[in-house]
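Worksheet for the structure shown next.
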Amino acid sequence: MDNRMERMLECAMYYILMGWKVLPLHTIVDGRCTCGKADCASPGKHPATASGVKDATTDEAAVRRWFEGGASYN
C-alpha cells in the first residue's frame, strides 16, 4: 500500500472513531475515472461499492478491506 492509501486508511479509521460512516469513492487516474466508464458523469466523485451510499459503514474490517485492497479511492 502506498503512502497516500495508508493516509486514507488512517483518516478513515479516525472518522470511524468519531462515529462517521466511511465510503470509498472512485478517483481519477490518468485523467479518467476509475469506474472505467468513458462517459462517466461524475468522475472521481461517486461510490466505488455495489450498493453505493448504502454501503457506508463504521465497520473497521470492511474499511480496511477497501483501503488495503490495492485499489485507489478518493
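The values are calculated or read from the model by the stated rules, or taken from the named source; none is laboratory data. Keep in mind it's a predicted model, so treat the numbers as computed, not measured. Here the Cβ is made from the backbone with ideal geometry for all residues, glycine too, and neighbour counts use every protein chain on show. Protein only, heavy atoms only, side chains kept; ligands, DNA and RNA dropped before computing areas. Shrake-Rupley method; radii C 1.70, N 1.55, O 1.52, S 1.80 Å.
Confirm whether Ala71 is assigned to a helix (DSSP H, G or I), among the small types (Gly, Ala, Ser), closer than 19 Å to Met5 by Cα and out of contact with any Phe, Trp or Tyr (no Cβ under 8 Å at 6 or more places or on another chain). Answer is no for this residue. When you check Glu60 against the structure, is it more than 11 Å from the chain's Cα centre (by Cα), in contact (Cβ under 8 Å) with a residue 24 or more places away in the chain and at negative phi, yes or no? Judged against the criteria, Glu60 is a match.
Taking the conditions (1) basic (Lys, Arg); (2) free of Cβ contacts under 8 Å to residues at least 24 places away in the same chain; (3) surrounded by 12 or more Cβ atoms within 10 Å (Cβ to Cβ) in turn, Lys54 satisfies each one other than (3).
Just to be sure before I move on: is Cys11 open to solvent by less than 70 Å² (accessible area, probe 1.4 Å), free of Cβ contacts under 8 Å to residues at least 24 places away in the same chain and farther than 24 Å from Ala61 by Cα in the structure I sent? Criteria not met by Cys11. Among the residues of the stretch 7-66, those identified as β-branched (Val, Ile, Thr) and assigned to a strand (DSSP E or B) are Val22, Ile28, Val29, Thr57.
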